[in-house]
Each structure stands twice: as C-alpha cells, then as structure tokens.
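The values are calculated or read from the model by the stated rules, or taken from the named source; none is laboratory data. Everything numeric here is computed off the predicted structure, so don't read it as measured data. Neighbour counts are summed over all protein chains in view; Cβ atoms, including those assigned to glycine, are modelled from backbone coordinates with ideal geometry. Please note that ligands, DNA and RNA were not included when accessible areas were found on the heavy atoms of the full protein model with its side chains. Shrake-Rupley method; radii C 1.70, N 1.55, O 1.52, S 1.80 Å.
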Amino acid sequence: MDGNGRWARVRNLDRSEGHVEGVGTVRRITTAASELGVKYLTLYTFSTENWNRPQAEVDALMHLIGVAIEKETPDLIKNNVKLAVIGDFDRMPEQARACLNRCIDATSHCTGLTLILALSYSARWEIVEAVRHLAKEAAEGKINPEAITEADVAAALNTAAYPDPDLLIRTGGEMRVSNFLLWQIAYSELYVVDTFWPDFTNEEFYKAILSYQKRERRYGLTSDQIK
C-alpha cells in the first residue's frame, strides 16, 4: 500500500494525513475483495524498516492502526471478515497490540475473507526466524537437517496457515517488492500501478484482477504442458 506520504506531500499536507486517507482505501478494497469472493487479502501495513522513520510518524501510525481497527471491527464482523496478523507482533506498542488482539478475537468466527495485516514485518526477518526454528529442532534431534524440505521451511514461516499469494499488487509505481513475502511470492503474478494508495480505486483493483485472470501461469512448464 505505497504512496501515502507522497500523496500528502503533493497536497502540502503532513505525511500522517496520507496514512489517515489510506485507511479509507483499506476499507474500500477489503470490501471489494470480500464481495468478489477473494479468500485472502494481505496488506503490507508496516515493515520492520519503517521503525527507522521519524518517531513522530511512527507514533502517529501506531495510534492510527489501533483507532482504525477498533472503528472497523463491527463492519468486519458484519462482512464476515476474519482479521489476522503476521510479523514481529511483540514489537508493536501495547495499546495497538491490545486493539488488534480484541479484533482478532472478535472476528475469529468469521468464515469469509481473511484479512492479513503484515505489521512490523519483513520477509528476511521471517526467513531468519524460520531458520532459527529449524536449527533448534535439528539441534534437539527432532528433525534430520538432511531431510528438511521446502514444505518444512514454509511450515516454519508466519504464513504457514495461508496459501501463497496468486497476485501481488503494488501501488505508488515503485518497481520492487521491498522485502515483502519473498519466499511466498516466488510464483505470484505482479501488478504495479503509479496511483498512490489513497487514490487507488475499486475500478483499478478490478483491473488488476482482470489482468491476473488473463495470464498464463506455467510454474516453469511450457505452454503446451499447461494445455
């Protein structure tokens, strides 16, 4: 969800106002995804690198996350949306964690879209954590290091309970994945738009879905093999 700060800057606003505006886009796109029957929507909300931003902006973001989650919980329940979080959750401020945990508990019964917030998340951090876990298991004699498979690595990631993403959408025009789900997006389709996240519309979201539907996913095979 890139471009909140740049959206605010071109309007001579504080960067925090771009983040506030971006919350409205989260609401709209989550609703659109739910209505389309999408089962999982992962939003890169706050990276581990974002902790290095100016403290005032970090504090404003953490406050906004807590306020937004509390405000949106009733609508998530109404729309049958379950909330989940991936990332270094313990690093989040106590108030934000409390709000998130209340929403996770309140929506745990929902069976529609699973909305996954990547908070204090980076893919390299996640992979290192998985390696540490597997190394500990091997040191304790619970697993044979020679027998570790891709499935074992995937099972040690934060996303073990979820399928790999089919489609990665990046707003804001940047042509990079910025440490997001590096293991999981190995075969994801990429879709980049110049639009800043606060201006990202449902129509643009639908265009991304349509683009994905027209693509041939070969997973290393040839077109003839797929057919």
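A few notes on this one:
- Cβ-placed point charges (K, R +1; D, E -1), dipole of segment 33-124 about Cα centre in debye, nearest 20: 220 debye
- Selection among 221, 130, 103 by position relative to the dipole of segment 86-227 gives 221 as farthest towards the positive end (Cβ unit charges, Cα centre).
- Of the GluC sites (Glu not before Pro) in segment 137-226, those whose Cβ has at most 13 other Cβ within 10 Å and which sit in DSSP loop: 140, 174, 216
- Per atom type, segment 46-165 shows carbon and sulfur on 52% of its accessible surface, probed at 1.4 Å.
- Dimensions of segment 123-227 based on its C-alpha atoms, expressed as ranges along the principal axes with the largest first, amount to 53, 40, 22 Å.
- Estimated purely from DSSP H runs of n ≥ 4, each contributing -39500 (n - 2.57), the mean residue ellipticity at 222 nm for the chain is -14500 deg cm²/dmol once divided by its residues.
- Probe 1.4 Å, all protein chains present, accessible-area order of 109, 19, 133, largest first: 109, 133, 19
- Neighbour-limited loop hits for trypsin sites (Lys or Arg not before Pro), segment 135-187 (at most 12 other Cβ within 10 Å; DSSP other than H, G, I, E, B): 142, 176
- Within the same chain, lysines fewer than 8 places from residue 227 are excluded, and of the rest, those with a Cα less than 18 Å from its Cα are 214.
- Separation of segment 1-52 and segment 60-132, taken as the distance between their Cα centroids, equals 14 angstrom.
- Across the chain, Cα-Cα distances exceeding 34 Å account for 17% of all pairs.
- Extents of segment 1-53, taken as max minus min of Cα coordinates on every principal axis and listed largest first, are 37, 26, 12 Å.
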